[in-house]
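J.: After the structure tokens below, expect a handful of questions from me.
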Amino acid sequence: MTRRSLSRGRGRNADRSRSSRLPESVATLTIDRIAAGGDGVGRLDGLAVFVPRTAPGDVVQVAYVTHARHARGRVLQVLTPSAARVEPICVHYTQDRCGGCQLQHLNADAQTEARRHIVQDTVARIGKRDIPLPALVSDVAWGYRSRLTLTLLRRSAGWVGGLHPHDDPARVFALETCHIAHPALVSVWQTLRPLIRKGSPALPVGETLRLGLRLDESPEGAEATAALTVALVVEGGTHWPDQESWTVAARAADPRISGVWYTPTAPTTAVRDTKNDAAPAEYAPQAREALAFAQVNPVVATALRDYVFDAVGTFAPTRVVDAYAGSGALAARLATAGISVLAIEADPAGAASAVEKVQVAASGPSASSRVLCDLVERALPSLGSGERPDTVVLNPPRRGVHADVTTWLEADAQHGLRGVVYISCDPATLARDLSRLPSWQVAAVQCFDMFPQTAHVETVCVLQRGPR
């Protein structure tokens, strides 16, 4: 339930960029496992070599570059293919080396095992916690994404829209289709491509933009595609003089487009839409839902929220802090159950949605529930003694929680805090944060397959007070 995108980590891309300038060696390598990020890993004389698009059991000839404590390689030839290999169904995966997916070349069972072991191994290596191999909750493997975010680059011949190759973050290839995105999003994108390519009416003033396509409601299957509507969110540039005419042209090309929302690069310029010029604090409900963070896999996200709700319930809470609360779905559900909730969300659009949901849900014992638009690391230490929770839910972005948050959790363990439910989309930052919480014991870990065909995995870690 955390914020993420289709792009790869900046550090790993920088590592690949440096590798392209260093001399390569050639060797034959057996791939042992899949590492966090999706690369296969083998060893040469004890040196770990990371090779994209390989499978456990592959015997490959690689060209590699040695760094200080590891090496990075690229496949020259698959000498003996793994039994876990399958033929990728997406032309962009092989032809354009699309970085949106990392594991399309693995069968479903191999992908499942890779994600489970990534979590277990990372928590052991970084967090110094031994956990059982976690279970993984899954749903459909294709067409699950309810959001698709593309990069738009201005070129001399017009605009190109697409994704980045996994080994070249500076380049964007023209996206024709995406098999992990819901068909309605793909269909709207294919309609928009000619309009974007010719750049008339004009897009925002700038060289690089981001275009987000978001379903206005949860998908019910491909058969419902024609009935779904899609919101567009354009980000970047300094201003957009032709916003109204572009919106008219886009909606004429595809009536399924429900609205076009624009966020310029300049942080002082308010978010605008084509129907409502309200300031950010007064977003119309549709604008709030379009701009607020939402999970890309609605079915698995529902299973995750159910698990989190039940996990919070094991601590018999009366007052819960829902930190990084997003649009407030969990906070509202807890308030409806009669629990007093303080939802903390720094994003104004998300906080505005959360206010609406919590106000409707709060009654009786939960009448004191409220939403705070603030940074979690600033809000938690500011809580008065009468506001201290007995349970905390953490749902941070990929970077994990601020060190001040784990410091507060350690100190507050002595003041009645009984449980922490940590939702993570990055096992490495989860493990780092666990290493900062020596007073807390891992009571349960459950993984959720939010992003099939990728190496990403959502993890819920339940913590209780006690020794490790």
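The values are calculated or read from the model by the stated rules, or taken from the named source; none is laboratory data. All of these numbers come straight from a predicted model, not from anything done at the bench. Positions of Cβ are generated from backbone atoms using ideal geometry, with glycine treated the same way; all protein chains shown enter the neighbour counts. Accessible surface areas use protein heavy atoms only, side chains included; no ligands, DNA or RNA. Shrake-Rupley method; radii C 1.70, N 1.55, O 1.52, S 1.80 Å.
J.: Looking for something in contact (Cβ under 8 Å) with a residue 60 or more places away in the chain, in a strand (DSSP E or B) and open to solvent by less than 10 Å² (accessible area, probe 1.4 Å) - is there at least one such residue anywhere in region 434-447?
T.: Yes, region 434-447 has at least one match.
J.: Continuing with this model, one more query. Closer than 15 Å to residue 39 by Cα, over 22 Å from the mean Cα position of the chain (by Cα) and in contact (Cβ under 8 Å) with a residue 24 or more places away in the chain: which single residue out of 110, 84 fits that description?
T.: 84
Results for (1) within 19 Å of residue 115 (Cα to Cα); (2) modelled with pLDDT of 95 or more; (3) assigned to a helix (DSSP H, G or I), shown as yes or no for each residue.
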| residue | (1), (2), (3) |
| --- | --- |
| 7 | yes, no, no |
| 18 | no, no, yes |
| 22 | no, no, no |
| 60 | no, yes, no |
| 83 | yes, yes, no |
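J.: For region 321-332, which positions are among the hydrophobic types (A, V, I, L, M, F, W, C) and either at positive phi or surrounded by 24 or more Cβ atoms within 10 Å (Cβ to Cβ) (or both)?
T.: Across region 321-332, the qualifying residues are 321, 323, 325, 330, 331, 332.
J.: Looking at region 316-373, which of the residues that are at pLDDT below 95 and of a type in the set (Asp, Glu) is farthest from residue 392 (Cα to Cα)?
T.: 356
J.: Still on this structure, please answer the following. Of the residues 361, 335, 352, which is in contact with a strand residue (DSSP E or B) (Cβ under 8 Å, 6 or more places away or on another chain) and open to solvent by less than 50 Å² (accessible area, probe 1.4 Å)?
T.: One residue alone meets the criteria, 335.
J.: Would you pick out the residues in region 63-81 that are touching a residue at least 40 places away in the same chain (Cβ under 8 Å) and either acidic (Asp, Glu) or in contact with a Phe, Trp or Tyr (Cβ under 8 Å, 6 or more places away or on another chain) (or both)?
T.: The answer is 72, 73, 74.
J.: Sticking with this one: In region 410-434, what residues are aliphatic (A, V, I, L, M) and at pLDDT 95 or above?
T.: Within region 410-434, 420, 421, 423, 428, 430, 431, 434 qualify.
J.: Do we have residue 240 as modelled with pLDDT of 95 or more and assigned to a loop (DSSP other than H, G, I, E, B) here?
T.: Taking the combined requirement at face value, the residue satisfies it.
J.: Answer with yes or no whether residue 300 is modelled with pLDDT of 95 or more and surrounded by 24 or more Cβ atoms within 10 Å (Cβ to Cβ).
T.: It is false that residue 300 is modelled with pLDDT of 95 or more and surrounded by 24 or more Cβ atoms within 10 Å (Cβ to Cβ).
J.: Filtering region 448-468 down to residues that are more than 13 Å from the chain's Cα centre (by Cα) and closer than 22 Å to residue 300 by Cβ, which residue is surrounded by the fewest Cβ atoms within 10 Å (Cβ to Cβ)?
T.: So the residue we want is 462.
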